[in-house]
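Worksheet: the structure to be examined is printed underneath.
The values are calculated or read from the model by the stated rules, or taken from the named source; none is laboratory data. The shown structure was predicted, so the numbers you read here are calculated from the model rather than taken from an experiment. Cβ coordinates were reconstructed from backbone atoms using ideal geometry, including for glycine residues, and neighbour counts include every protein chain displayed.
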Amino acid sequence: MSGGAGAAETEDVFRTTGLMEVVEPEGASFFDHNRPPFVSVALKYEPARDVKGPQQSVMVNPRVLEYETLVALNQLKLHRTATVTLALKNIAMSYPAADYYGHPRSTKQHENWFYDDMHSFIAAMAKRFPAQLAIIVGHPAMIGTGPLGGHAVETGLVIASTDPLAADVVGAQLLGFNPQAVRHLWEAGRLGLGETETEKMDFPAMSLREAVEVFTERAYGERLTFKHK
């Protein structure tokens, strides 16, 4: 189990959220990829607009380059900058080494442009570090705002897909956004990183319309469909 928190110590986050209660009894190992050593990895992505970004390289712990299978476990949340914080966004903002760029325990700050063009950076990271499975949990989900200070709601919903972009698109749809409304999802689709059209996706357990109805009833107290079939 690997992680890299940005606003706190990773191990503290794991313990606070209860993840260590899963890791330790299973005998799994925990690894904080915020810790050194660090290596630079190139990101092959051209800036889409005249801003200082996205990053053209990123410093990461070399262990993340050795993973054979990457499973991204994420909470269904809104985000005030990224619009949604799902699989693609969480990998993009977890992998950059916080002990290098700046972290509560570190006194060093190295220059970066993660926030100058966050959406293009997320798309670039998704291209360089593709996940093989995305799991997005909505118990609880966060609405209102994010990544902190929003309103938590228990929805009982889980999205899982071997296409992380498709999973993120579905998560965004539950929150009321089409792919084009979340620029990093649109850019990832333009890069050919996965499926963005829900009409081409299979929903074996619950239709998208049913999922939207469940989510909106529990989040807003009103059963909406967002016109999904």
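Per the listing Ala152, Ala219, the residue uniquely in contact with a strand residue (DSSP E or B) (Cβ under 8 Å, 6 or more places away or on another chain) and without any contact (Cβ under 8 Å) to a residue 40 or more places away in the chain is Ala152. So is Ala124 at pLDDT 90 or above, surrounded by 14 or more Cβ atoms within 10 Å (Cβ to Cβ), under 16 Å from the mean Cα position of the chain (by Cα) and of a type in the set (Gly, Ala, Ser) or not? Yes: the conditions hold for Ala124.
Looking at Arg223, Arg218, which is the one that is over 21 Å from Met125 (Cα atoms) and in contact with an Asp or Glu (Cβ under 6 Å, 6 or more places away or on another chain)? The match here is Arg223.
Picking from residues in the stretch 130-142 that are more than 12 Å from the chain's Cα centre (by Cα) and crowded, with 21+ Cβ neighbours inside 10 Å, the one that is farthest from Ala72 (Cα to Cα) is Met142. State yes or no: is Thr225 modelled with pLDDT under 95 and either in contact with a helix residue (DSSP H, G or I) (Cβ under 6 Å, 6 or more places away or on another chain) or crowded, with 22+ Cβ neighbours inside 10 Å (or both)? It is true that Thr225 is modelled with pLDDT under 95 and either in contact with a helix residue (DSSP H, G or I) (Cβ under 6 Å, 6 or more places away or on another chain) or crowded, with 22+ Cβ neighbours inside 10 Å (or both). Every condition in (1) more than 24 Å from Glu217 (Cβ to Cβ); (2) under 16 Å from the mean Cα position of the chain (by Cα); (3) of a type outside the set (Ser, Thr, Tyr) holds for Gln180 except the one numbered (2). Being over 23 Å from Ala5 (Cβ atoms), surrounded by fewer than 13 Cβ atoms within 10 Å (Cβ to Cβ) and β-branched (Val, Ile, Thr) holds for only one residue in Thr216, Thr155, Thr162, Thr196, and it is Thr162.
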